[in-house]
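Here, each number is a calculation from the coordinates, and none is a lab measurement. Small disclaimer: the values here were computed from a predicted structure and weren't measured. Reconstructed Cβ throughout: ideal geometry from the backbone, glycine too, with neighbour counts over all protein chains shown.
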Amino acid sequence: MSSDEDVRSNSVTEQLEEINLENEDTPEAKLLVSSVSNLAVIDSIGNQLTSSDPKDNDSMPIPSDFKITIRDTEKRGKGPSSYAVYKLQTKVSDVPGYTKTQYETWHRFSEFMSLHKKIVEKYLPKGVIIPHPPEKSFITLAIIKTSDEEENREVIDRARQLERYMNRLIQHPRLKNDCDIRDFLTIDADLPKAVQTSTSFGIMKMLNNFQDAITKMTMKMEEGDHWFEQTRYQIDELDGALRKLHKVSESLAAARWKMAHAEEELGFALSKLAATEESTSLSRAISALTDTTGKISTTWMKQTEIDAVKFSEPIHDYIMLISSIKDVFDQRVRLWQDWQCAQEAVVKKREQKSDALRKMRTQRADQLAMEIEEGVRRADQLEQNFKNLSADIRKEVERFQDEYKNEFKQILVEYMECTFDTYAQMLQHWEKFQPIAENIQVESLP
């Protein structure tokens, strides 16, 4: 990197130091400061950007001993039965359970969803913040089944998103040694037929959320832990801010895409004008301007890709992570409700025992005494589970907050550096055109 680039990078970093992501008084303007062209051909599908600099290939820090890359995609089958598969390359060292340093496996989208379901069933009750995979899109599914292209934009976008999802899984200290993840990365078995993926899983989640809403209305939890009350408020605030920022980032990408096409149309119109111009110097200048607008259009297209991959998609990832945090908070509420129900059941059993003793029904009273003893044990166990889950969630949220500050700062720095490069390239194009414009000679009419 040249000295000018070093100065520019340091300047960006210094500006970001002023942005306190946890400070509610940080000006909104600083936080905001802080359908596209063909992708460049590079080694990893997950990093289809305009630069081949190795430091640009990682949108988030990945442990050096464990990294997953989706190297290729392939369409299998024909017609309605066709589907896309993704080639995963896993490089690993010093991780228990992995006997080699590199693995390659092929998996289809439904298998990623099946893995996610297993992880959720095992670790959500333990308070683990589980990253979300890309959502199932019927538009993408239809394009895969009807398109004759081996690779298309939708498959490449999904490959990039799946790569980030898998790397987030193995980054988690409680997930990197999971047996299901290890089998997924190391066993290249025959691909099974399609199973129900996020559709049925999403419907079940929707039903569970409906049941939770009903339960919350009938048994509202009075939060006794100030940390959880304050953290839930902060998480909700962060969620709202990121959703607004994500909406703005998508609008920005769309506006630049329109700008690219407007520049392209301007170039076509200028080329026709240059062909009809009788003045040689003016015709030459208009032709040069046509070339310049074409280069500007290409540069805007590249910037649109940067907006999507370097900015909009990482923001969406964090929105999904915050959704996962809310999931573990809801899991804690459900466990508290189970604990309260168990206590209420014990109280009812004791009332029934007292009533049985008054009526001299000793056999019934003895049976209720045994049920009360079992109910007390269950309530005590649920109370202990609630305390353990609360402690685990606090550790998970604190880990997320530490990683969030560092990763989001890196995202902003890399995005702004790429954006600065885009504007520098456009400035170079106009500087090359300037001498031609200044040499235009006005010829007098006869």
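Tabulated data
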| item | result |
| --- | --- |
| For Leu273, net neighbour charge (Lys/Arg +1, Asp/Glu -1) across residues whose Cβ lies under 14 Å away | -2 |
| Rounded FRET efficiency, nearest 0.05, which uses the C-beta distance separating Ser137 from Asn385 and R0 of 45 Å | 0.75 |
| Gain on full stretching of the segment that runs from Lys348 to Ala255 - 0.36 nm per residue minus C-alpha separation | 27.1 nm |
| Over 21 Å between alpha carbons, listed pairs Lys91/Lys302; Lys176/Lys409; Lys126/Lys176 | Lys91/Lys302; Lys176/Lys409 |
| Candidates per GluC sites (Glu not before Pro) in region 383-446, loop by DSSP, up to 15 other Cβ within 10 Å | Glu443 |
| Inter-probe distance in nm under a simple model that places probes 7 Å from Cα toward Cβ, at Arg399 and Ala275 | 6.4 |
| Gain upon complete extension [Leu357, Leu427; 0.36 nm per residue less C-alpha separation] | 16.0 nm |
| Near-label residues of region 157-177 by backbone N, under 15 Å of a point 7 Å along Cα→Cβ of Lys91 | 167 |
| Estimated FRET transfer efficiency (Ile187, Gln367; beta-carbon r; R0 56 Å; 0.05) | 0.60 |
| Neighbour-limited loop hits for GluC sites (Glu not before Pro), region 292-382 (at most 15 other Cβ within 10 Å; DSSP other than H, G, I, E, B) | none |
| Residues Lys244 and Phe420, FRET efficiency given R0 of 41 Å [Cβ-Cβ distance, rounded to 0.05] | 0.95 |
